[in-house]
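The values are calculated or read from the model by the stated rules, or taken from the named source; none is laboratory data. These numbers come from a predicted model, not from an experiment. All Cβ positions, glycine included, derive from the backbone under ideal geometry; neighbour counts span all protein chains shown. Ligands, DNA and RNA are stripped out before the accessible areas are found, and what is left, the full protein with its side chains, is counted by its heavy atoms. Shrake-Rupley method; radii C 1.70, N 1.55, O 1.52, S 1.80 Å.
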Amino acid sequence: MTKTAIKKNAGKASSKNAFDVMSYLRHDLFPHFLCPGCGHGIALRALMWAIHELEIDKDRIAIVSGIGCSGRLGAYIDANTFHTTHGRPLAFAAGLKLARPDLEVIVITGDGDCLAIGGNHLIHACRRNLDITCMMLNNEVYGMTGGQVSPTTSEDRYTTTTPLGNTEAAFDACRLAEAAGAGFVGREVTVQTPTLKNLLKDAIAYNGFSFIEVISDCTEIYGRKNDLGNSPEMILSQKSQMRPNSYGGVIVDEPFRPNALPTGVLSTNARPEYGETYRNAMASAKRKK
Amino acid sequence: MDTKTKYKEPVNVLVVGVGGQGVIMVSKVLATICQERGYQVKQSEVHGMAKRGGGVFSHVRYGEQVFSPTIPKGSTDVLLALEWAEALRWVNHLKPGEGTFISDTQHIVPPFACRNRKRGAEAGYSRETPDQILSRIKDGFALDATGMARELGNERAANTILLGILSTALEFPEDTWRDVISRFVPPKTVDINLQAFDQGREWARTVHENSDLAARHRRSEKLAPAVPGPDRDEMSDFVQLDINPDWCKSCDICVKMCPERCLKLDDRLKAVLTEPDRCTGCRICEWLCPDFAITVHRTPEAAQAAVRV
Ligand code: SF4
Ligand code: SF4
């Protein structure tokens, strides 16, 4: 081997393949608008990391986001991004994916955006099974509008609209998506960043609708009101309330913590991808004419 | 020891090692031999966190009559250690001035000895060398039995090499040893174990004839590393942290989550690296900073190529 060849390889291993999140961000918009300690930033890094490891070209990525703290994340990504109306990112994404099946369409949405305002869009997106990845950031509150109760707020928690504690039961978004027929359903906490990255990688690579619930923390508006501690305490306590649903691919039950939510890949549902079904139907209709 | 054939006092053999090495097997072999020779035997054992590499020890006492199953401190006749640090832990249980010390010099480094997680850092394992210990003991043997057994073709035969040395310190006939060992080891490994037994015996005999201290410490040609290190070509010690104070929002996550506690918030409440020597480059601060304010570089090239704002 000649000297230049060795040098080339060394450069390849160290700098070219290494993940540098800075090359995926729009620096002029930083520092971002999220509060100190908001888990959304960690989730954004995990998503960029997954895209980097899948080696998807930036021009082939389309990020669609809704309204809310989560919706704002799209603006910070240096790729094709689309900031849509409240609750509708899945509807916009469906149109985009049907028109441009070559794009990798990823939706970033929040618990209120996805389950309340856009709840109907979610269940129908799951039902159709179009090849979209939906990353729902669940921080249990409407943070941007001042901390109102959301469909995932835990019972007895205080928000600006539940001064006596929340009396409604919360959604389990993953079970909802699974029941509605989503192809790939998973959940992870932000503090497990590399695991979250791997889960997102699987979700993006999956051919069909994939739904990932990311448990994020809202320290300033939700945590403060409910005495959940500062951000490091909050992200750690979130982790302790979860349990991996499988170890090394073996699904396990945890009888000692029945209330712990499972994390990891929760279900897969192999069905025909809607985009293909649709194009085949169109093609055969054209042939018949 | 030959003078003690009419045992008024029991003979005390202490077998020590680390979980999984075969301390119990070795002491069972010994106890069986004693029984077959018509002695009363008492054996008692303690397993530390055996599965996690914790200490295991076994007391074997035999004689005309044995009452207590445990050996009083300072009255051990033979200390047989399968691991070096365990040998040091028990060495003061030997009878002062007359006990026999036999130890494998292999190191099994427990996780809690690895206090400093920096790459290539030295473990907090005992620094005493076999030569230092042997110089303090009248009748001591230290050898890399594991290495010898590896050369024979089966690392697990190391205990049998040590048994071979032990057989020269006790008065039982060689045939009984060979017979009992063949019964205790897995049938497929009888040959190699008997070979190992002979090697141990042979080595001990040559050392007995030789009064030179250095001869009592047998080193193997190639010592396996105690802690297998990372592949040096891929992992360098280089770590460089870039912290962008303009993006840091003082959330404290990196400070609290860094496993080495090497970050702090300064008087402007911006994260700073206060203990660069302790930083292992694990990237946890980089992953968990929600504001993209920290970047960890593991190679000089990456540090140079990094996109900076
Ligand atoms: S890389 Fe960051 S988290 Fe890891 S030891 Fe260094 S400062 Fe601490
Ligand atoms: S995690 Fe980031 S934003 Fe928070 S204190 Fe550390 S550097 Fe600053």
| remark: Of the candidates B:Val296, A:Ser210, B:Cys262, the farthest towards the positive dipole end of the protein assembly as shown (Lys/Arg Cβ +1, Asp/Glu Cβ -1, centred on the Cα centre) is A:Ser210
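Report the Rg/Rh value for segment B:229-309, based on alpha-carbon coordinates and the Kirkwood definition of Rh. Please list the in-between numbers first.
On the way: Rg = 12.8 Å, Rh = 13.1 Å.
Rg divided by Rh gives 0.97.
When all alpha-carbon pairs of chain B are counted, what percent fall beyond 35 Å?
Values: 17927 of 47586 pairs.
Of all Cα-Cα pairs in chain B, 38 percent lie more than 35 Å apart.
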| note | Ranking B:Asp139, A:Asp253, A:Asp57 from most to least accessible area with a 1.4 Å probe gives A:Asp253, A:Asp57, B:Asp139
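For segment A:33-288, which whole percent of the accessible surface, found with a 1.4 angstrom probe, sits on carbon and sulfur atoms?
Numbers: 5860 of 10920 Å².
On segment A:33-288, the fraction of accessible area on carbon and sulfur atoms equals 54 percent.
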| message | Keeping all protein chains in the complex and leaving out DNA, RNA and ligands, what accessible area do you get for B:Cys251 with a 1.4 Å probe, in Å² to the nearest 10? | response | 20
| field | Descending semi-axes in whole angstrom, ellipsoid equivalent of segment A:181-289, from the Cα gyration tensor | value | 38, 17, 11
| If you line up the long axis of helix B:190-209 against the longest principal axis of chain B, both from Cα atoms, how many degrees apart are they, to the nearest 10? | 80
| field | Choice from A:Leu228, A:Leu196, A:Leu47 showing the highest fluctuation, given a GNM over chain A with Cα pairs closer than 10 Å | value | A:Leu228
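Let me have the 222 nm mean residue ellipticity of chain A computed from DSSP H runs of 4+ only, each contributing -39500 (n - 2.57), with the sum over all residues rounded to the nearest 500.
Values: 8 runs with 91 residues, N = 289.
For chain A, the value works out to -9500 deg cm²/dmol.
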| message | Helix B:23-36 against the longest principal axis of chain B: what's the angle in degrees, Cα atoms only, rounded to the nearest 10? | response | 10
| field | Under 5 Å, built H, 5+ apart or other chain: amide partners of B:Arg218 | value | B:Ala142, B:Leu143, B:Asp144
| request: Go ahead and estimate [θ] at 222 nm for chain B from helices alone: -39,500 (n - 2.57) per DSSP H run with n ≥ 4, summed, over the residue count, rounded to 500. | output: -8500 deg cm²/dmol
| field | Cα radius of gyration and Dmax for segment A:248-289 (Å) | value | 20.5, 63
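Assuming 1.306 mPa s and 10 °C, estimate D for the protein assembly as shown with Stokes-Einstein, Rh taken as the Kirkwood radius over Cα pairs, in µm²/s. Working shown, then result.
Details: Rh = 29.1 Å.
It diffuses with D of about 55 µm²/s by this estimate.
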| query | Ratio of segment A:98-144's C-alpha Rg to 2.2 N^0.38 Å, to two decimals? | reply | 1.25
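Grab the alpha carbons of segment A:33-288, take their convex hull, and tell me the volume per residue in Å³.
Values: hull volume 32.8 nm³, N = 256.
Convex hull volume per residue, Cα atoms: 128 Å³.
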| task | Could you please put A:Thr133, B:Thr280, A:Thr161 in sequence from largest to smallest accessible area, using a 1.4 Å probe? | result | A:Thr161, B:Thr280, A:Thr133
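For segment A:33-288, what is the accessible area per residue in Å², given a 1.4 Å probe and the full set of protein chains? All intermediate terms of the calculation are to be shown ahead of the outcome.
Working: 10920 Å² over 256 residues.
Per residue, segment A:33-288 has an accessible area of 43 Å².
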| task | With springs only between Cα atoms under 10 Å apart, run a GNM on chain B and tell me which of B:Leu265, B:Leu14, B:Leu194 wobbles the most. | result | B:Leu265
| query | Using only the Cα atoms of segment A:67-211, what do you get for the radius of gyration and for Dmax, in Å? | reply | 15.1, 50
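Looking only at other chains, what is the average number of their beta-carbon atoms within 10 angstrom of each beta-carbon in B:246-256?
Partner Cβ neighbours, averaged per residue: 6.
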| request: For segment A:223-228, just list the computed ³J(HN,Hα) in residue order, Karplus coefficients 6.51, -1.76 and 1.60, θ = phi - 60°, integers in Hz, with x standing in for Gly and Pro. | output: x, 4, 5, 10, 6, 8
| query | Using Cα atoms only, what is the angle between the long axis of helix B:174-184 and the major principal axis of chain B, expressed in degrees (0 to 90) to the nearest 10? | reply | 50
| query | Taking H as built 1.01 Å from N, whose amide H comes closer than 5 Å to the amide H of A:Leu137, not counting residues under 5 places away? | reply | A:Thr109, A:Gly110, A:Asp111, A:Val214
| So what are the ³J(HN,Hα) numbers for segment B:267-283, from phi and the Karplus equation (6.51, -1.76, 1.60; θ = phi - 60°), rounded to whole Hz, Gly and Pro as x? | 6, 8, 6, 10, 5, 9, 8, 8, 10, x, 5, 8, 5, 9, x, 6, 6
| remark: Checked against the positive end of the charge dipole of chain A (+1 on Cβ of Lys and Arg, -1 on Cβ of Asp and Glu, about the Cα centre), the farthest of A:Phe82, A:Leu196, A:Ala177 is A:Phe82
| request: Determine the shielding of peptide B:294-304 by partner chains: average, over its residues, the number of Cβ atoms on other chains within 10 angstrom of each Cβ. | output: 3
| task | Choose one answer from B:Gln132, B:Gln35, B:Gln199: the residue with the largest mean-square fluctuation in a GNM of chain B with alpha-carbon springs under 10 Å. | result | B:Gln132
| query | Can you give the mean number of other chain Cβ atoms that lie within 10 Å of the Cβ atoms in peptide B:276-289? | reply | 3
| Solvent-accessible area buried by pairing B with A, both sides, nearest 100 square angstrom, 1.4 angstrom probe | 2300
| Cut-off under 5 Å, modelled amide H: who pairs with A:Asn80 long-range | A:Ile61, A:Ile63
| request: Just read off the accessible area of A:Tyr247 with the full protein assembly in place, 1.4 Å probe, to the nearest 10 Å². | output: 130
